[in-house]
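A short worksheet on the structure shown next.
Every number in this text was worked out from the coordinates using simple rules, so none of it is lab data. Just so you know, these numbers come straight off a predicted model, no measurement behind them. Methodologically, a virtual Cβ is constructed for each residue, glycine included, from the backbone with ideal geometry; neighbour enumeration extends over all protein chains shown.
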Amino acid sequence: MIYRAEGLTKVFSTGFLRTVKIRALDDVGFEVEEGEVLSIVGESGSGKSTLLRVLLKAIPPTSGEVEYRGRPLRSWKPLEYWREVQAVLQDPYSSFNPFYPIDRILYKTLEKYRPELPEAERVKAVSEALEAVGLSARDVVGKYPHQFSGGQLQRISIARALLVRPKVLLADEVVSMIDASLRVSVLNVLHDIREKMGMTMLFVTHDMGLASYIGDKVLVLYKGQAVEYGPAESIFSKPLHPYTQMLLASVPRVKERWRERVTSVTIEFSLAGSGCPFADRCPYATEACRTIRPKRIEAEKNHYVACHLYG
Ligand SMILES: Nc1ncnc2c1ncn2[C@@H]1O[C@H](COP(=O)(O)OP(=O)(O)OP(=O)(O)O)[C@@H](O)[C@H]1O
Ligand code: SF4
Ligand SMILES: [Mg+2]
């Protein structure tokens, strides 16, 4: 078992004059076996990046448990953990130090995570990693992060993660900034590396088609809550949750309404309110849906759903 997460909750405190608490993850659980790909899907603001940041040890969860390879995540020392778990973040500009040229960043990555590699092999490893994502060493020498387009930098970010030869890749919208012609080749690179190295991957996307294409399992998030979770085949052949059904039917997305103004000094709100997170958009919503949060139940073998229509 690579990951086991249970009851994972993350509350952000924000605001200057007033404190507002945002429940970005709310009681999320899942399991990932070695070599598996878990697609994490949901619309903007559903908590996908927050979940990856918790799993990367970039931020601590507010409550809940995560185990990585049988040990609590908090017991792993950061460097020890990042040797095994690498991430490609959603915004590549924020994940590179703007003051260093890219070639230096890549060599430093090798120095830090694979110090045993001889000097000559470092040069080769960097060239190979760049070539795998459609770039060459000549493209990056002496150039700073701001001198690349978002798509180029995202590919460099993938190359940097692969240099470490991680057991696990946490990939946050890795192909959304890459143009269509390169998207397929980058996905193929990830596929080949996964096959060759047996890499486990957590693949965040808002694109349900891509999630099904990539994932062995799918976790559907809505307003921080896991509304459906199970084997990709089962979810795509028989989606149970009305939100998943809507995603699969490619219904155009509805923009969130403006929230009410904050009036008290500290307000904690769940992004979802007290009932089902999907109640204001669900065609089957009843009064109970608006007030009682549905429990997660196993409706089919290994296929979980949180909806009052089941169980
Ligand atoms: N550091 C933070 N401080 C306060 N609120 C935050 C912080 N990070 C995220 N949030 C809030 O948590 C919620 C989930 O955000 P998150 O970035 O995880 O969503 P997402 O699913 O990755 O969205 P997107 O598809 O747009 O990338 C949002 O309401 C967001 O505003
Ligand atoms: S619990 Fe109710 S509102 Fe939520 S998805 Fe199910 S039927 Fe719709
Ligand atoms: Mg995100």
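Table for the structure above
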quantity: Loop sites in the range 30-76: GluC sites (Glu not before Pro), DSSP, at most 13 other Cβ within 10 Å; calculated: GLU33, GLU34
quantity: Cα lying deepest toward the dipole's positive end in the range 77-235, options LEU135, LEU117, LEU170, charges on Cβ; calculated: LEU117
quantity: Simple spin-label estimate for LYS21 and GLU298 in nanometres, 7 Å along Cα-Cβ; calculated: 3.3
quantity: For the chain, with +1 on Lys and Arg beta carbons and -1 on Asp and Glu, the positive-most of HIS303, GLN245, GLY42 along the dipole; calculated: GLY42
quantity: For the range 179-238, Kirkwood radius (reciprocal of mean inverse C-alpha pair distance, Å); calculated: 12.8
quantity: Tail weight of P(r) past 31 Å, computed on alpha-carbon pairs of the chain, percent; calculated: 34
quantity: Those lysines that a straight Cα-Cα span of less than 18 Å connects to LYS124, excepting residues fewer than 8 apart in one chain; calculated: LYS108, LYS112
quantity: Projected area, mean over directions - the range 41-160, Cα convex hull, nm²; calculated: 9.0
quantity: Most mobile of GLU287, GLU195, GLU119 in a GNM of the chain (Cα contacts under 10 Å); calculated: GLU287
quantity: Two-site FRET efficiency, HIS191 against GLU119, from Cβ-Cβ distance with R₀ of 25 Å, rounded to 0.05; calculated: 0.20
quantity: Antiparallel DSSP beta bridges within the chain, percent to nearest 5; calculated: 55
quantity: Whole-number percent relative contact order across the chain, with pairs defined as alpha carbons under 8 Å at least 6 apart; calculated: 23
quantity: Cα-Cα over 26 Å, subset of LYS143/LYS196; LYS217/LYS295; LYS167/LYS301; LYS77/LYS217; LYS10/LYS301; LYS77/LYS295; calculated: LYS143/LYS196; LYS167/LYS301; LYS77/LYS217; LYS10/LYS301; LYS77/LYS295
